[in-house]
Amino acid sequence: MQILSGISAGETVFSVEYLVIGGGGGGAGNIGGGGGAGGYRNSTSGETTGGGGSAESVLSISEGTTLTVTIGGGGAGGGSGGSTGSSSVFSTITASGGGAGGTSNSGTAGTGGSGGGGGGYASGYSGGGGGRSSPTQGKTGGNGSQGDTGGFRGGAGGGGGSGVNGGNATSGYHGAAGGNGLSSSISGSATTRGGGGGGASYAGTGATEGNAGGSGGGGASGRYNVASTAGSGNYGGGGGGGVENSQPNTVGAAGGSGIVLIRYADTLPNLTAISGVTKTGGGLTPTTTTGGYKIYQFTGGSGTVTF
């Protein structure tokens, strides 16, 4: 057995891969921008991490070590601005919550793992941009558009996804789609997570269609008589934006919760303790064993696991 720094000869060492996704940001109301996807941290060989970076380093963990696990919640949707999602954590790996969508009143976009979309503006004002505070964890939210010359409000930008920027609204009335997420096979099959929420359109004549969320759990924006949809839970998807405040469905939708997945060689022992976090399948046995790996999927709570 290879002897690592700080690890004694004969001690079992777990080489642990992980996918850690933060909670998605909430969509804004009143021609609101879509929420950004939760930050996306991935160490699976041959895959990418949020924002387009290479896979991160796996963790070497000695037997008997207890580590923190936290599943971040999605941010709330708002009648004005949404709320930023909460971070997910595995050991030293933190995936930031997604940014909240911006409103038509301020055009301000939230920042986070992925940026929230900018809100649509009235005529004579420029659209607000979507920011992000963690460029290696997600993509930027899209800009809102200026309203048309008749004084009607513009469209809102889509929330950033883990793999693709949120769309920019390019004209009055019409919002933009959320950015797409990224695919990972850490669970044994390819699954796309981390989609951004769709940006809302002005709910006037010819602009009643909602805008899709990004692939990987992004919520769709609202439209006249149809409410915006939330980001998908355990996908870290951003919530869709809500329409103009004189119409139905003005409120943006909530972001989806995050997730923590880990895997290591199936020749190694099971985890010896799990406290405070929910694991798919319950107990101490792996969620699944496939392809030479034991895979554990944690979907809620905050606590610890012991190797």
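Brief remarks on what is shown
- On the stretch given as the range 211-249, residues that are crowded, with 24+ Cβ neighbours inside 10 Å and β-branched (V, I, T) total 1.
- Boolean, T70 is in contact with a strand residue (DSSP E or B) (Cβ under 9 Å, 6 or more places away or on another chain), crowded, with 24+ Cβ neighbours inside 10 Å, polar (S, T, N, Q) and modelled with pLDDT of 90 or more: yes
- Qualifying residue in the range 240-248 (condition: of a type in the set (D, E) and at pLDDT 95 or above): no
- Qualifying residue in the range 76-85 (condition: open to solvent by 50 Å² or more (accessible area, probe 1.4 Å), in contact with an Asp or Glu (Cβ under 7 Å, 6 or more places away or on another chain) and either in a loop (DSSP other than H, G, I, E, B) or of a type in the set (A, V, I, L, M) (or both)): no
- Test: residue in the range 225-232 that is touching a Lys or Arg at 6+ places or on another chain (Cβ under 6 Å) and without any contact (Cβ under 8 Å) to a residue 24 or more places away in the chain: no
- Hits in the range 261-291 - residues which are part of a loop (DSSP other than H, G, I, E, B) and open to solvent by less than 30 Å² (accessible area, probe 1.4 Å): L271, P286
- Residues of the range 21-60 classified as open to solvent by less than 20 Å² (accessible area, probe 1.4 Å) and either touching a Leu at 6+ places or on another chain (Cβ under 7 Å) or outside any strand (DSSP E or B) (or both), total: 24
The values are calculated or read from the model by the stated rules, or taken from the named source; none is laboratory data. Keep in mind that what you see is a predicted model, and the values were worked out from it rather than measured. Here the Cβ is made from the backbone with ideal geometry for all residues, glycine too, and neighbour counts use every protein chain on show. All accessible areas refer to the heavy atoms of the entire protein, side chains included, with ligands and DNA or RNA removed. Shrake-Rupley method; radii C 1.70, N 1.55, O 1.52, S 1.80 Å.
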